[in-house]
Each structure stands twice: as structure tokens, then as C-alpha cells.
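*Asks:* Just passing along the structure, written as C-alpha cells.
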Amino acid sequence: MDSGDASRYSAGVDDDYESLLSTTDAELLKRAWRNEKSAPEILQYETALVQRSREQIQLMEETVEDFFKNGVDPLTVSLYQMDLDRTLFLLISYLRTRLQKIENYAFHIQKITDLWNRLSKQEQKFAERCIDDMEQHLDQSVLSKLPHGFKSHLKQSSLSLGDDMVPEPQLHQYVICRSKRFGEEPVNIEANDLYALPYKSIKPLVESGQIDLV
């Protein structure tokens, strides 16, 4: 093998290694967390990834406990504990970010089938409780004291053409993103470059996994 072939082989191995690292559950969870925090709307719930992460957390907790019991080197224990803490933080933050979006946009999410189906069963129950609590609060504090044409939870008045009382995510806001590969549709992007673009213009690419939010 000449030096050129060796160099190309080495580069290929490095690329495969980087690809493997980028697809571990820890990296996938970090990616899901970043996308969820940066996207103005709620994204698809990562059912399988969340389940695997929970199982991994349980396994790491059991491993750390066994290490303590068996007197394993403290440095080794601390490294496992760091991995456990990182994974636990990412999972909790991912789930909390989604709950915050549900609280903010519960009415909007409920009325759009595509958004509603992005929630887990537990999140749907949470959204229903949020909506019930908000309706009850509005009825008792405000709406019961207003004239008949102004008692809707969704409209400012009976003359409103749409649900103008329902907060909606701002899909035109700019987000920072990185593409995994070159693309021309719906926007021209170079692989691995950072861009500031309106979320709506790259929404299909985020949903398909071609672009990561930062």
C-alpha cells in the first residue's frame, strides 16, 4: 500500500469512527435536546431513544452502585458517575423543554393533528390537564364577568375570524443550524457550515434529520 492509499484508508477509518461516535445514543440524545431547545415548535417525541436512555441510566446507576460496594478505584467510579450525570441531565432537560412548550402552546397543539401526534401519551395527558386548568382559571377570573360575545377561550370576540387568543410558535424566527450534507432544496447549504436561517425555511430538513439546530 503506497502512502496515498494509506492516507485515504486512514481518512476512511477516521470518517467511519466519527460517524460511529455521532450515532451513539448519548450523541443522539444530545442532538434531540439541542433541536428541541432551538426549534420554536414542538418536535416529534423520540420514543425509542428516550426508552433506551432510561434503560442506560438504570444500568449505569446499578454499575456505579456495584463499584462502590466492591471498592473499585474512585477515579473509575467518578468517570462512570460523570457519564450518568450527563445522560440524566440531557434526558431531564429534553423532557422539561417539551413540557414548557406544551404549557405555552397547549391550545394550539391540541387543535392541529400533526402537532398533537408528536406528543407521547403522557404528554397528551399533560396537555389536556393544562387546557382544563387554563379554561377553568379563565372562566373563574375573567370570562364569566364578560358579555356573552366575549366568553370564548380561543377568540377575542364572536366577530373574530380565527382563534386570535391562542398563542402560536413563531416559525419565522431565525435559528442557528448546521447541515450534515450539501443541499439545494429548500435552501442552498454547504455541509458542516453554520447558518442563521428562518426556522420555517428549514423545517422539513430538521424533521428529516438532514439539519441539526445548534
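The values are calculated or read from the model by the stated rules, or taken from the named source; none is laboratory data. All values reported here derive from a predicted model rather than from experimental measurement. Here the Cβ positions follow ideal geometry from the backbone for every residue, glycine too, while neighbour counts run over all protein chains shown. Areas reflect the complete protein model, heavy atoms only, side chains present, ligands, DNA and RNA absent. Shrake-Rupley method; radii C 1.70, N 1.55, O 1.52, S 1.80 Å.
*Asks:* Yes or no: Ser157 among the hydroxyl-bearing types (Ser, Thr, Tyr), open to solvent by less than 40 Å² (accessible area, probe 1.4 Å) and at pLDDT below 75?
*Replies:* Judged against the criteria, Ser157 is a match.
*Asks:* Out of all the residues in the stretch 197-209, which are open to solvent by 60 Å² or more (accessible area, probe 1.4 Å) and over 18 Å from Trp33 (Cβ atoms)?
*Replies:* Of everything in the stretch 197-209, those that are open to solvent by 60 Å² or more (accessible area, probe 1.4 Å) and over 18 Å from Trp33 (Cβ atoms) turn out to be Lys200, Pro204, Ser208.
For every residue, the table says whether it meets (1) outside any helix (DSSP H, G or I); (2) open to solvent by less than 60 Å² (accessible area, probe 1.4 Å); (3) acidic (Asp, Glu); (4) out of contact with any helix residue (DSSP H, G or I) (no Cβ under 7 Å at 6 or more places or on another chain).
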{"position": "Ile57", "(1), (2), (3), (4)": "no, yes, no, no"}
{"position": "Met60", "(1), (2), (3), (4)": "no, yes, no, no"}
{"position": "Phe89", "(1), (2), (3), (4)": "no, no, no, yes"}
{"position": "Glu123", "(1), (2), (3), (4)": "no, yes, yes, no"}
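*Asks:* Could you please find all residues in the stretch 170-214 being of a type in the set (Ser, Thr, Tyr), more than 24 Å from Ile109 (Cα to Cα) and modelled with pLDDT of 90 or more?
*Replies:* Scanning the stretch 170-214 gives a single hit, Tyr195.
*Asks:* Follow-up question, since we're still on this one. Can you give me the number of residues within the stretch 55-89 that are farther than 30 Å from Gln170 by Cβ and within 16 Å of the chain's Cα centre (by Cα)?
*Replies:* 2
*Asks:* Counting only residues that are open to solvent by less than 30 Å² (accessible area, probe 1.4 Å) and touching a helix residue (DSSP H, G or I) at 6+ places or on another chain (Cβ under 7 Å), which one in the stretch 109-121 is farthest from Glu46 (Cα to Cα)?
*Replies:* Per the stated criteria, the residue is Ile109.
*Asks:* Six or more apart or on different chains, Cβ under 6 Å: which pairs go from a residue in the stretch 22-49 that's among the charged types (D, E, K, R) to one that's surrounded by 14 or more Cβ atoms within 10 Å (Cβ to Cβ) and outside any helix (DSSP H, G or I)? Could you list them?
*Replies:* Arg31/Asp212; Arg34/Leu213; Glu36/Leu43; Glu41/Pro169
*Asks:* Next question, about the same structure. In the list Ala48, Ala32, which residue meets the criterion of being open to solvent by 20 Å² or more (accessible area, probe 1.4 Å), part of a helix (DSSP H, G or I) and of a type in the set (A, V, I, L, M, F, W, C)?
*Replies:* Criteria check complete, one pass: Ala48.
*Asks:* For the subset of the stretch 91-108 comprising residues that are free of Cβ contacts under 8 Å to residues at least 40 places away in the same chain and surrounded by fewer than 18 Cβ atoms within 10 Å (Cβ to Cβ), which member is nearest to Met134 (Cα to Cα)?
*Replies:* Glu103
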